[in-house]
1. Would you mind telling me the antiparallel percentage of the DSSP bridges in the chain, rounded to 5?
2. Using a/c under 1.5 as the rounded threshold, could you call the range 6-64 rounded, prolate or oblate? The axes a ≥ b ≥ c are square roots of the C-alpha gyration tensor eigenvalues, and prolate needs a/b larger than b/c, oblate otherwise.
3. Which entries in LYS45/LYS135; LYS69/LYS146; LYS75/LYS105; LYS15/LYS75 show an alpha-carbon gap greater than 25 Å?
4. Which one, ILE12, LEU53, LEU39, projects farthest toward the positive side of the charge dipole computed for the range 6-64 from Cβ point charges (K/R +1, D/E -1)?
5. Would you please put 48-55, 144-151, 14-21 in order of how densely packed they are, using the mean number of other Cβ atoms within 10 angstrom per residue and starting with the highest?
6. Decide, for the chain, between rounded, prolate and oblate: order the square roots of the alpha carbon gyration tensor eigenvalues as a ≥ b ≥ c, take rounded if a/c falls under 1.5, and otherwise choose prolate if a/b is larger than b/c, else oblate.
7. Determine the dipole magnitude for the range 49-162: charges of +1 sit on the beta-carbon of Lys and Arg, -1 on that of Asp and Glu, nothing else is charged, the reference point is the Cα centre, and the result goes in debye to the nearest 20.
8. Give, rounded to the nearest 20 debye, the magnitude of the charge dipole that the range 1-99 has about its Cα centre when Lys and Arg contribute +1 at Cβ and Asp and Glu contribute -1 at Cβ.
Amino acid sequence: MTTLTLDEKLDIIEKYDANPEQILNILVDLQFASEAGYLDDETIKLVAECLHLTQTRVSEIVSFYSILKDQPQAKYVIKVCNSSPCRFSHGPLVFAELEKQLGVKENQMTADGLFMYHGIPCFGACDRDPVVKIKDTVFDQLTAEKISQLLMGLRNGQYPDL
Ligand code: FES
């Protein structure tokens, strides 16, 4: 898994003129530009130095925003809509099925490092519920069987056509 070089990190910070008011954009860009998918201590320290903030302050911001992560993420992070329309229809079934099939609770990584899942706000696929999103791909109208096929496909390194 590749991580960003120091120069690549500095480029992202400079893109926002190292402006503390842009810290959320800076942290989001740093996180998503890195394959590791999280902000490690070294990156948090660098942001603090460049933006003239304390490391504690930057860590607090990372903890506050659920989109930001300070721990390694699984290879496949399955995002489940938890906004009201999905939550009051099939969302709970998706969470329950993922817990059953993966054997871990929300935000826990499977022992093989392949999967974790968590809720996120509406991503605009409400009419195709039950839905999940992995990176930019939405898998819709899910059933227990389709979730099983999805996980099997991903274990084989493929995004299945459900
Ligand atoms: S409310 Fe769930 S995708 Fe929109």
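Since every read-out is calculated from the coordinates, none of them should be taken as a lab result. Every value quoted in this text rests on a predicted model; they were computed, and no experiment measured them. With ideal geometry, Cβ positions are generated from the backbone for all residues, glycine too; neighbour counts draw on all protein chains shown.
1. Details: 6 of 12 bridges.
Around 50 percent of the beta bridges assigned by DSSP in the chain are antiparallel ones.
2. Numbers: a/c = 1.43, a/b = 1.07, b/c = 1.33.
The shape class here is rounded.
3. On the way: LYS45/LYS135 27 Å; LYS69/LYS146 28 Å; LYS75/LYS105 16 Å; LYS15/LYS75 28 Å.
Flagged as over cut-off: LYS45/LYS135; LYS69/LYS146; LYS15/LYS75.
4. LEU53
5. Details: 48-55: 14.0, 144-151: 16.5, 14-21: 12.4.
Result, highest mean Cβ count within 10 Å first: 144-151, 48-55, 14-21.
6. Numbers: a/c = 2.39, a/b = 1.95, b/c = 1.23.
It comes out prolate by the Cα gyration axes.
7. Details: 12 positive and 13 negative charges, 13 e Å.
It comes to approximately 60 debye.
8. On the way: 8 positive and 16 negative charges, 94 e Å.
About 460 debye.
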